[in-house]
Amino acid sequence: MKILITGGAGFIGSAVVRRAVADGHEVVNLDALTYSANLENVACVSGDPAYAFEQADICDEAVVRSIFARHKPDAVMHLAAESHNDRAIEGPLDFVRTNVMGTAVLLEAAREHWNGMAGDRKAAFRFHHVSTDEVFGALGEDGQFTEETPYDPNSPYSSSKAGADHLVRAWGRTYGLPVVLTNCANNYGPFQFPEKLIPTVITRALEGKTIPVYGDGRQVRDWLHVDDHAEALLLVLGKGRLGETYCIGGDSTKRNIEVIRMLCTHLDAMAPANTAHHEKITFVTDRPGHDFRYSIDASKLKAELGWEPRMPLLEGLEDTVRWYVDNRDWVEGIRQRGFQSERLGLVKA
């Protein structure tokens with residue numbers, strides 16, 4: 001199968017690219033190479049004859065159509081997105097442009113391509129849209145998100161992803177485009193851009209800086225290792241029922257402060273400092289509109305497709321810390337491009 005993967009130089013997208021090539025698929029990686037993308041993430045497959053790269057903006061209609069015409073993919077996995085909540089607070093229109101308009105452009109190009117296909121290839125075509133659990137809003141002290149949870153996004157980022165989800169379903173229902181959707185928990189693992197919680201903790205600790213914790217750190221997230229996520233995404237692409245949505249969780253629900261302390265323990269073992277790393281924890285002003293708790297019920301995916309996460313959280317965090325310790329040059333390359341872990345997302349009067 002030839003798969004067009006958008007955002008394939010990003011964190012989750014690159015994991016899907018690596019897994020898809022390893023599984024024997026041909027892959028076309030379409031990525032605009034914005035600030036959080038990194039071709040080093042896919043360096044291990046860059047010389048493989050099954051891999052091709054196209055630098056393009058998914059909002060550029062003519063270029064996107066030309067990529068479909070040139071590569072003639074059998075499926076699309078749409079992961080390209082602006083994804084950092086703090087950045088969305090400061091620049092929401094960038095998120096609306098890429099996540100909403102970009103998805104609409106991609107859907108139209110895919111529909112044109114699909115309409116031109118015939119026979120078994122047309123029947124087998126799939127458009128897989130990869131989304132987030134944040135579209136469901138926040139949970140209270142109990143309960144879990146399921147595929148039936150009503151949408152209630154609370155941030156510019158989650159609202160833009162919710163808009164994209166609705167567009168994908170509309171193209172499926174209106175035009176018959178064969179679509180599947182997934183909504184995932186918080187991902188972590190190697191190659192994650194150091195603006196998200198886990199790589200922020202690790203990279204700042206390795207640099208001897210303070211470890212910022214939003215609010216009181218009691219926010220709850222379900223953590224999913226990126227390699228488990230990539231496996232689930234390819235499984236849904238190949239075997240998921242058309243028109244269906246599948247929630248993908250890690251069965252690893254923890255408070256942020258618990259995760260941070262687990263990371264500090266691993267850092268003490270792998271990169272000891274003059275003081276224990278947990279002593280660097282500093283509580284800072286919370287992000288505006290910060291959802292309190294997310295938790296995913298992935299029983300539909302498990303029942304229908306037999307998937308469940310393989311990586312336990314403690315082991316996955318240890319693996320992740322070790323990767324960042326061993327790959328400081330990867331982080332340094334990002335620093336040299338201008339990223340300095342600056343705080344974003346505080347609403348200014």
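Any read-out appearing in this document is the output of simple, stated calculations on the displayed coordinates, not a laboratory observation. What you are looking at is a predicted structure, and each value in this text was computed from that prediction instead of being measured. Note: ideal-geometry Cβ built from the backbone for every residue, glycine included; neighbour counts use all protein chains shown.
Side notes on the structure shown:
- Tilt relative to the chain, helix 226-239 - C-alpha long axis, 0 to 90 degrees, to 10: 20
- Anisotropy class of the range 43-91 from Cα gyration tensor, a/c 1.5 cut: oblate
- When the charge dipole of the chain is built from unit charges on Cβ atoms (+1 for Lys and Arg, -1 for Asp and Glu) and taken about the Cα centre, the candidate among ALA104, VAL201, TYR324 whose Cα reaches farthest toward its positive end is ALA104.
- About the centre of its Cα atoms, the range 1-114 shows a dipole size close to 280 debye [charges on the beta carbon of Lys, Arg (+1) and Asp, Glu (-1) only; nearest 20 debye].
- By the count of neighbouring beta-carbon atoms within 10 Å, fewest first, TYR246, TYR51 end up ordered TYR51, TYR246.
- Selection from HIS266, HIS166, LEU237, by position along the positive dipole direction of the range 152-268 (Cβ): HIS166
- Debye, to nearest 20: dipole size of the chain, +1 on Lys, Arg Cβ, -1 on Asp, Glu Cβ: 420
- Between helix 313-326 and the chain there is an angle of about 80 degrees, using the helix long axis and the longest principal axis of the Cα atoms.
- Proximal lysine pairs, the chain, alpha carbons under 20 Å, eight or more residues apart or interchain: 12
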